[in-house]
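Visitor: Mind looking over this structure? Questions follow.
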Amino acid sequence: MAVPAALIPPTPLVPPPPISTPSATTSPPSTTSSPSPSLAPPSGPGQNLFRSELLGTSSPGIPTPTAALPPSKPVYSTPSPVENIPQNNECKMVELRGAKVASFTVDGCELICLPQAFDLFLKHLVGGLHTVYTKLKRLEITPVVCNVEQVRILRGLGAIQPGVNRCKLISRKDFETLYNDCTNAR
């Protein structure tokens with residue numbers, strides 16, 4: 001049964017200051033009670049409720065998480081889709097390992113439809129497409145994101161499912177690297 005929020009006692013954001021108790025040897029216990037410690041947030045200069053390393057700024061001597069990252073490669077970045085120009089949207093069927101696979105030529109490089117290649121060659125070797133993306137990350141292979149027109153073309157060809165609204169492309173060389181990793185990972 002759920003408890004209404006009003007009945008749950010609030011937890012303080014800042015730990016209360018330690019309460020000192022008088023020792024028996026220095027003075028007798030007083031008969032008046034002292035006021036309870038305040039739970040108000042700190043208000044002095046330099047005091048903050050938030051950890052400075054999570055805010056992107058730091059105090060002297062405290063390293064920030066962003067300082068430890070290499071400047072050349074962001075932690076999580078999704079590459080931009082292929083430019084939507086007519087020459088990038090020309091699809092042709094190419095032979096790959098004895099099967100026909102949809103491909104696009106982008107910047108002079110032939111790129112094949114990764115989900116179609118997965119369906120034809122890899123699905124019986126690995127758990128799922130998510131596993132393939134994990135392997136690509138480990139192998140430091142970055143697939144190319146399809147533009148909207150390429151996705152529409154691939155759906156029309158049956159290379160990807162009708163409800164799919166995004167797709168990635170991979171070079172033949174990178175696919176062979178991935179295929180070898182999937183077949184030798186047992």
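No value in this document is a laboratory result; all are computed from the given coordinates. None of the values given here were measured: they were computed from a predicted structure. Here the Cβ positions follow ideal geometry from the backbone for every residue, glycine too, while neighbour counts run over all protein chains shown.
Visitor: Sequence-distant or interchain residues sharing an amide H contact under 5 Å with Leu96, placed H: which?
Guide: Val101
Visitor: How much length is gained if the chain between Cys109 and Glu140 is pulled fully straight, taking 0.36 nm per residue apart and subtracting their Cα-Cα distance, in nm to one decimal?
Guide: 9.3 nm
Visitor: Using amide H atoms built 1.01 Å from N in the peptide plane, name the residues 5+ places from Ile141, or on other chains, whose amide H lies under 5 Å from its own.
Guide: Here nothing satisfies the definition.
Visitor: Give me the net charge for the shell around Asn165: Cβ to Cβ below 11 angstrom, other residues only, Lys and Arg +1, Asp and Glu -1.
Guide: +3
Visitor: Output the pairs from Lys92/Lys137; Lys137/Lys168; Lys100/Lys135 with a Cα-Cα distance over 19 Å in this structure; if there are none, say none.
Guide: Lys92/Lys137; Lys100/Lys135
Visitor: Kirkwood-based Rg over Rh for the range 93-186 (C-alpha set), two decimals?
Guide: 0.93
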